[in-house]
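See structure below.
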Amino acid sequence: MDSDGDGVGDLRGILARLDYLQWLGVDVLWLCPVFRSPNDDNGYDISDYCAIMAEFGDMADFDRLLADVHRRGMRLILDLVINHTSDEHPWFVESRASRDNPRRDWYVWRDGREGGPPNNWESIFRGPAWEYDGASGQYYLHLFTRRQPDLNWENPALRAAIAGMMRWWLDKGVDGFRIDAVTHLKKAAGLPDMPNPAGLAQVPAYPFHMNVSGILDYIDELCRTTLDGRDVMTVGEANGIGPAEAEKWVGERHRRLSMILQFEHWHLWSNAPGATLDVRALKRILGRWQQALHGRGWNALYLENHDLPRIVSRWGDPLHHRRESATSLATMYFLMEGTPFIYQGQELGLTNAEFARLDEFQDSFAHNRIAEMRDAGLSDDDILDEMRRTGRDTSRTPMPWDDGPNGGFSTGRPWLAPHQDFRTVNVVGQQAEQDSVLQYYRRLIALRKREHVLIRGRYAALAARSARIFGYTRSDASGCIAVICNLGGRPASYRHSGFALEYPGLLLANHAVAPHGPLHTLTLRPYEARVYRIASATEV
């Protein structure tokens, strides 16, 4: 929400919308980076860890927001980037000043090789992972944009500075951090070349900078010096971690992070036009995470965030079943064991924003990808078709609060154009409609908070072989609940022999359900979801 008409959302705007978040039932607010930044990558390039970006307000605004969040019994966590900084951060300005500067080793500097970069690594955002600095005659490493130089976590002084900065925020009252790119802090010793039988100029080098052996030593030190003894929530963005390794990161006996945002189900995001969801694969992936951490750690549950296109456009049916697919997908992930995350606008069932021209995309990764496709000879029409499906900007449009100018987000021109559907898909309209996606999310949240079994209950799969039904039970000493969701656009049936579904036990549904007797066979309409209390469950 923009409070001052400059077109950019800000801290006072968030403060003005806390009533809405509290009404929805939100407990914790995660802010994407609000630190001072030149904004090369939407704030993920921090130039001052202890100051607020001017467009968002100032520290007094932040303090007011934090105080009001706490007054409401809610908590606030910051999105913190500690793998890299902006090239305008004073640490990097000093680091690049000369080879013998005391902070030179706070970043990753290397001599070139044979007139080129030190190795053949490709940036995660495409192109070479090295930038040449003419003044010192060396290259610095950047796994993301060239304006985001990687910090050298091998340096103990750098680690101490990061820990001190985090303690400063925690002492201020912040309730924790979402730690960006946490699995990339450790790089392989010697920064070797990736094997490259194709002879490419740059090669994706994830094995040499993602979850490299020794990274947990950094996490342990950070916990000892910063987090231990504090009631905080830590969420690691953890590309490269599978369920077999998850317990090392979030297991209660290790006392490291609270939870991690795993990437495994990202692999099901196909770029192909008309691609559909592989429901069986999704069940296998999420089921493994549920089983791996039950009683040992904690899951982070999510379908959307600022790096992904909208879930209704990817796995639902925005044309024929927007509400139904939005609510069925919500039910599927929301009632598992873990903490559910909602990305702004997801609770409205927003679809991908439509872009008419390539120059409307602002994301740095999008710019690199567009240039790459042009170099490969693709037409602008073909490029635009892909970017509409995969671009991160498709989910970053301003929150539609009402059907007024700019969706009520700003009295000025928004930094990104409003979503094309804001006049019909907005908060005010959906609050007034009891059958809306928003009201369904509110009921989902209330159900989770009401039923103890949905917090700690054991997960067991149902309909494991079905290509459309995602079903499971949650059970503990307090009872048992069955969650059954059709994630396809056609009716789907299955037989559940281990228990009966009783109409008085129906807790939530996204379609009207007529009273019925005990059911052992259930046929669900397209994208129908039902949640029942059941006596017991023996089917797995």
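Some values worked out for this structure:
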| read-out | value |
| --- | --- |
| Yes/no for Gln434 being more than 30 Å from Ser497 (Cα to Cα) and assigned to a helix (DSSP H, G or I) | no |
| Unique residue being touching a Lys or Arg at 6+ places or on another chain (Cβ under 7 Å), β-branched (Val, Ile, Thr) and either crowded, with 20+ Cβ neighbours inside 10 Å or at pLDDT 95 or above (or both) when the list is Val174, Val212, Val182 | Val212 |
| Positions within the stretch 392-431 being in contact with a Leu (Cβ under 8 Å, 6 or more places away or on another chain) and assigned to a loop (DSSP other than H, G, I, E, B), in sequence order | Arg396, Thr397, Pro398, Pro400, His419, Asp421, Val425, Asn426 |
| Count - residues of the stretch 26-84 that are of a type in the set (A, V, I, L, M, F, W, C) and part of a strand (DSSP E or B) | 13 |
| Single match in Asp41, Asp27 (criterion: under 22 Å from Met233 (Cβ atoms) and of a type in the set (Asp, Glu)) | Asp27 |
| Positions within the stretch 106-115 being over 15 Å from His89 (Cβ atoms) and either among the aliphatic types (A, V, I, L, M) or assigned to a loop (DSSP other than H, G, I, E, B) (or both), in sequence order | Asp111, Gly112, Glu114, Gly115 |
| Single condition Trp109 does not satisfy, out of (1) in contact (Cβ under 8 Å) with a residue 60 or more places away in the chain; (2) closer than 15 Å to Leu143 by Cβ | (1) |
| Flag if Val69 is without any contact (Cβ under 8 Å) to a residue 60 or more places away in the chain and within 30 Å of Arg443 (Cβ to Cβ) | yes |
| Residues satisfying the stated conditions in the stretch 186-206, i.e. under 25 Å from the mean Cα position of the chain (by Cα) and either hydrophobic (A, V, I, L, M, F, W, C) or surrounded by fewer than 13 Cβ atoms within 10 Å (Cβ to Cβ) (or both) | Ala205 |
| Selection within the stretch 464-479 - part of a strand (DSSP E or B) and touching a helix residue (DSSP H, G or I) at 6+ places or on another chain (Cβ under 7 Å) | Phe470, Arg474, Ser475, Asp476, Gly479 |
| Residues within the stretch 28-54 that are of a type in the set (Asp, Glu), surrounded by fewer than 19 Cβ atoms within 10 Å (Cβ to Cβ) and at pLDDT 95 or above, tallied | 1 |
| Close pairs from the stretch 150-169: first in contact (Cβ under 8 Å) with a residue 60 or more places away in the chain, partner hydroxyl-bearing (Ser, Thr, Tyr) and not in a helix (DSSP H, G or I), Cβ under 7 Å, at least 6 apart | Asp150/Tyr107; Leu151/Thr85; Leu151/Tyr107; Met165/Tyr49 |
| Residue in the stretch 234-242 that is in a helix (DSSP H, G or I), of a type outside the set (Lys, Arg) and in contact with a helix residue (DSSP H, G or I) (Cβ under 9 Å, 6 or more places away or on another chain) present | no |
| In the stretch 438-468, residue nearest to Phe341 (Cα to Cα) [restricted to those that are among the β-branched types (Val, Ile, Thr) and under 22 Å from the mean Cα position of the chain (by Cα)] | Ile445 |
| Total residues in the stretch 298-313, condition touching a Phe, Trp or Tyr at 6+ places or on another chain (Cβ under 8 Å) and either in a loop (DSSP other than H, G, I, E, B) or in contact (Cβ under 8 Å) with a residue 60 or more places away in the chain (or both) | 9 |
| Lone qualifier among Leu301, Leu308 - being of a type outside the set (D, E, K, R), in contact with a Pro (Cβ under 9 Å, 6 or more places away or on another chain), surrounded by fewer than 23 Cβ atoms within 10 Å (Cβ to Cβ) and at negative phi | Leu301 |
| Within the stretch 512-540, tally of residues that are touching a residue at least 40 places away in the same chain (Cβ under 8 Å) and touching a helix residue (DSSP H, G or I) at 6+ places or on another chain (Cβ under 7 Å) | 8 |
| Which listed residue is in contact (Cβ under 8 Å) with a residue 40 or more places away in the chain and under 21 Å from Thr473 (Cβ atoms), from Gln291, Gln344 | Gln291 |
| Counted residues, the stretch 337-366 - those being of a type in the set (A, V, I, L, M) and either in contact with a Pro (Cβ under 8 Å, 6 or more places away or on another chain) or surrounded by fewer than 20 Cβ atoms within 10 Å (Cβ to Cβ) (or both) | 4 |
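Residues checked against (1) surrounded by 15 or more Cβ atoms within 10 Å (Cβ to Cβ); (2) of a type in the set (Phe, Trp, Tyr); (3) under 24 Å from Leu80 (Cβ atoms):
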site	(1), (2), (3)
Asp228	no, no, yes
Met259	yes, no, yes
Trp269	yes, yes, no
Leu277	yes, no, no
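The values are calculated or read from the model by the stated rules, or taken from the named source; none is laboratory data. Bear in mind the structure is a predicted one, so any value in this text is a computation, not a measurement. Counting neighbours? That spans all protein chains shown, and the Cβs are built from the backbone with ideal geometry, glycine included.
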